[in-house]
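Engineer: Below you will find the structure I want to go over with you.
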Amino acid sequence: QVQLVESGGGLVQAGGSLTLSCVASGSIFRINDMGWYRQAPGKQRELVAAITSGGSTNYADSVKGRFTIPRDNAKNTMYLQMNSLKPEDTAVYYCNADIEQIGVPYRRRYWGQGTQVTVSL
């Protein structure tokens, strides 16, 4: 069994910063690509940022220059460092990862339960 658990969400004023964490646990053989998605009320879930196992990153245009997505492979952990937050960043943020489980001959994507980020004026 594999789990992704996010933490670090909360309420912050516009211009402030937050750092989200996503920890993968369970019978993990390898974690491949990881990413952060978000879903605001009434909107579709969208990709915020992604990182490969080798460290290559990809960011949505709306967060470029403000967010970074480091990962610690030794700890099976990914982060989302969010700076200069705007009210339009308000959403539930989800962690996603492509994981190979020990003893399972295929890979699949897992989702975390989500963490709320609210940015006030």
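Engineer: Rg to Rh ratio, the chain, alpha-carbon atoms and Kirkwood radius? Please report the intermediate quantities before stating the final value.
Structural biologist: On the way: Rg = 14.2 Å, Rh = 14.5 Å.
Expressed as Rg/Rh, it is 0.98.
Engineer: Now for a different question. Loop-only chymotrypsin sites (Phe, Trp or Tyr not before Pro) in the range 80-121, please: DSSP not H, G, I, E or B, and at most 16 other Cβ atoms within 10 Å. Mind showing how you got there, number by number?
Structural biologist: Values: sites: TYR93, TYR94, TYR106, TYR110, TRP111; in loops: TYR106.
Taking the range 80-121 and a limit of 16 other Cβ atoms within 10 Å, the loop chymotrypsin sites (Phe, Trp or Tyr not before Pro) found are TYR106.
Engineer: Amide H to amide H, which residues 5 or more places from GLY114 or on other chains are under 5 Å from it, using H placed in the peptide plane?
Structural biologist: Amide H neighbours of GLY114, under 5 Å, 5+ apart: GLU6, CYS95.
Engineer: Take each of the peptides 49-62, 70-83, average the number of other beta-carbon atoms within 10 Å over its residues, and list them starting from the highest.
Structural biologist: On the way: 49-62: 14.0, 70-83: 16.8.
Per-residue mean Cβ counts within 10 Å order the peptides as 70-83, 49-62.
Engineer: Using 7 Å Cα-to-Cβ label points, what is the ARG109/ASP33 separation (nm, one decimal)?
Structural biologist: Taking the two extended label points, one gets 0.7 nm.
Engineer: Sticking with this one: Once you charge only the Cβ atoms, +1 for Lys and Arg and -1 for Asp and Glu, what is the size of the charge dipole of the range 29-121 about its Cα centre, to the nearest 20 debye? Intermediate results must be reported in sequence, preceding the final value.
Structural biologist: Numbers: 12 positive and 8 negative charges, 19 e Å.
The dipole magnitude comes to about 100 debye.
Each value in this text was obtained by applying a stated rule to the coordinates, not by laboratory testing. Predicted model only: the values in this text are computed from it and were never measured. Don't worry about glycine lacking a Cβ; one is built from the backbone with ideal geometry, like all the others, and counts go over all protein chains shown.
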